[in-house]
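Report on the following structure.
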Amino acid sequence: MRQEEEISSNNFGLSLLEHIDTIHALKLLEFSISWLDNHNDKFQKKEQEYIKAILLRLKIRLAFLRTLDSSSEIDAIDNLEYIVNIISKDISVLDFGNEMDIFFSTSIQARLSTTMPPRPIMIFPIDVAFNNFEDICRDFRKILLLSTEKVSSLTPLNILNFFRYFRTKKPNSSPFIRIMLQSIFFSNNMILNKFPVDQFIIDSISEIYSPAKQLFAVLNQLYEIYNDLKHSIFGSVNNFIKTASIIYVNIFRIMCHNPSRQRRNFCKLVLDLESLQEEAENIDIQLQSYFFKESNIAFNDFSFPYIFSSWCFYEKLQTMILICFLGFELELHSSHELSLIYW
């Protein structure tokens, strides 16, 4: 993800205070807020307006740092809601203060703009900067809310719909938020820290083709009874699930990229899905042969569902449709061509 978004870990010789523990920064912010609260009455009325603005900014910094350091999604959501309420309701956080050029130099950003493609050197007005920060907090909160949803509602299709909404959001989310979404979605071989990735794939297949639930139950029973043919089928399905999990997770990961890279990487992903579909067709043939042999039913008398290859074809088709629409989003196609894709 870092390479895809051209985010470099090179700090160009600048110290980011990485040697200071987060707990020390939190204590310093808490002490500063406490000191200003206790000494507020010693300042004149005009000065108290500045003190209020400083307090609000310190509280915003404290709440955001607590969000990043928190191990509880609920506490992090509360902190983000607190930040959004301050920025959206208390304009005094923006009204006071003078710009200090010494704290930021465009020459630093000029070094960053040497990446390809080059980034424009921009310094946003304070109101625009706070609006962008508010958007970051709102998006971050939505991601955390997703991770706290009930397991019953976190179906693969529901999660995919969230990513689709997030992908088409205007203005586009910042790289920081897209990286956070990707990190929270898949970590330690778990989906949203709730499902093993293999189970996530099985749920996705079962969601597209409901009889697959019974099929997976039967396959598990086959595995318990040793037989060369049965173990061969189970091993093929197990290998397919492991391969499919990498490709399927990549669909979600790619949606966290910027639109141009989404289209490029989805085009590559279609080839992976094509290869996976060929593997799935072989598995479906093995299953068809086994179950018809066990039940003594002639092939011509019954139509066997091609569950795995159908799932691959469905995902490939959805990806191809998304590539088409990304072409319109990126203005690679003219608007009048939209109707042509339905013919």
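Taking other C-beta atoms within 10 angstrom as a stand-in for reagent exposure, ILE241, ILE205 fall in the order ILE241, ILE205, fewest first.
In this structure, the pairs whose alpha-carbon distance is over 20 Å, taken from LYS150/LYS242; LYS268/LYS316; LYS142/LYS242, are LYS150/LYS242; LYS142/LYS242.
Bear in mind these aren't lab numbers, they're just calculated from the coordinates by the rules spelled out. As the structure is a prediction and not an experimental result, all values here were calculated from the model. Positions of Cβ are generated from backbone atoms using ideal geometry, with glycine treated the same way; all protein chains shown enter the neighbour counts.
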